[in-house]
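Remarks on the structure that follows.
The values are calculated or read from the model by the stated rules, or taken from the named source; none is laboratory data. As the structure is a prediction and not an experimental result, all values here were calculated from the model. For neighbour counting, all protein chains shown are included, and Cβ atoms are generated from backbone atoms with ideal geometry for every residue, glycine included. All accessible areas refer to the heavy atoms of the entire protein, side chains included, with ligands and DNA or RNA removed. Shrake-Rupley method; radii C 1.70, N 1.55, O 1.52, S 1.80 Å.
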Amino acid sequence: MSHGWAAATVANENCALSSAPRLAIWRPAPDLAPFVSGYHLYAVDDNGGEPNRGAFEPAWASLRFAVVTEWWRVRFAGKDWQEPPRSALFGPSSKLAWSESGSGILVGVGLRPRGWARLFAQRAKDWSNRIDEIPRLGQTDPAALNLRFRAVSEDDEVPMILDEVLRAALRRPTSDEPKVAALEAALVDPSIRSVAELTDALDMPLRNLQRLADRAFGFSPRLLLRRARFLRSLHAIRASGRRTGSLAIDPAYADYSHFIRDAHDFLGMSPQAFLDRDMPLLKASLHLRERIIGTPAQARSGGRLLRLSLQDRVLSQRS
């Protein structure tokens, strides 16, 4: 099958990591938790010649390193497919992104808004719904970091490397950092339903709030509130079952039709159509993430690492 984009043979990558299908998720070191939401590693096989399909829900920014890859492409809802760089910065997103790949290993880092502000001089707004090369991480060249991942022999070396590199790359905090933290917390508070309530809660003029949101979050305060409300509702429906969907959505929605309209904006389809998709990798990732890291609407659980054999637990979901 011809895919029409650059391909590389995994066997020629000289990667020390095992290619056995699996998913691993780690928390960062405690001192990095305000800046990094978590680390993950995906290893997928050739899937019998069929693409490995997945999706990235709207989220904060992330770093993704294609340590080895046969081929990989990503498409935001309503946009064309693109091939991400081997060391890619995914900016904050308000759109679902579809993913297809052959066999390979991907290492990822979830960045919180304070992490963005400490790592990058650019506004998050300038990277919204954008994928491009990772700017330099302090003194570390992202391409060299990718090569370093290929040399490790055990998965558990990955979070140790990332802790080391990110800790060294974080710049000094600005005077706005407490405000960024306060806005991040306010966005997951379901009692805050409007921009006016947001400005009151933060005791911040709207113009200042907008600048802060552009710098560290990537979107307007109104869109950030809408996205948080939608994701809370989508996760609640996923957890409770689609038959009770209208009861699970956030009470800030005027009605279920209001939620459906947001789904088309953020996902490009109805929530039912999205949840009915056969996406075992996404489902496994969300399941593990909620257990080890939590979601914006849930408390975190204990432990730093959770690992899943995709061959035994994820791929079997297709049968």
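One residue is enough: does segment 22-41 have a residue meeting the conditions among the basic types (Lys, Arg), modelled with pLDDT of 90 or more and closer than 21 Å to Ala143 by Cα? No: segment 22-41 contains no residue that is among the basic types (Lys, Arg), modelled with pLDDT of 90 or more and closer than 21 Å to Ala143 by Cα. Scanning segment 81-118 for residues that are surrounded by fewer than 22 Cβ atoms within 10 Å (Cβ to Cβ), among the polar types (S, T, N, Q) and part of a loop (DSSP other than H, G, I, E, B) returns Ser94, Ser103. Residue count for segment 41-58 satisfying the condition of being open to solvent by 40 Å² or more (accessible area, probe 1.4 Å) and of a type in the set (A, V, I, L, M): 0. Across segment 59-72, the number of residues qualifying as more than 30 Å from Ala213 (Cβ to Cβ), open to solvent by 10 Å² or more (accessible area, probe 1.4 Å) and in contact with a Pro (Cβ under 9 Å, 6 or more places away or on another chain) comes to 2. Selection of first residues in segment 173-201 that are among the polar types (S, T, N, Q) and of second residues that are in a helix (DSSP H, G or I) and open to solvent by less than 70 Å² (accessible area, probe 1.4 Å), restricted to Cβ pairs under 7 Å at least 6 apart or on distinct chains, gives the following pairs, ordered by first then second residue: Thr174/Ala117; Thr199/Leu209. Within segment 22-33, track down each residue that is farther than 22 Å from Ala97 by Cα and open to solvent by less than 40 Å² (accessible area, probe 1.4 Å). Selection gives Trp26, Pro28, Ala29, Leu32, Ala33. Selection of first residues in segment 25-49 that are in contact (Cβ under 8 Å) with a residue 60 or more places away in the chain and closer than 16 Å to Phe149 by Cα and of second residues that are surrounded by fewer than 17 Cβ atoms within 10 Å (Cβ to Cβ) and of a type outside the set (Ser, Thr, Tyr), restricted to Cβ pairs under 9 Å at least 6 apart or on distinct chains, gives the following pairs, ordered by first then second residue: Ile25/Arg291; Ile25/Leu305; Ile25/Arg307; Trp26/Asp156; Trp26/Arg304; Trp26/Leu305; Leu41/Arg307; Ala43/Ala20.
With respect to the conditions (1) in a helix (DSSP H, G or I); (2) loosely packed, with under 13 Cβ neighbours inside 10 Å, Arg150 falls short on a single one, namely (2).
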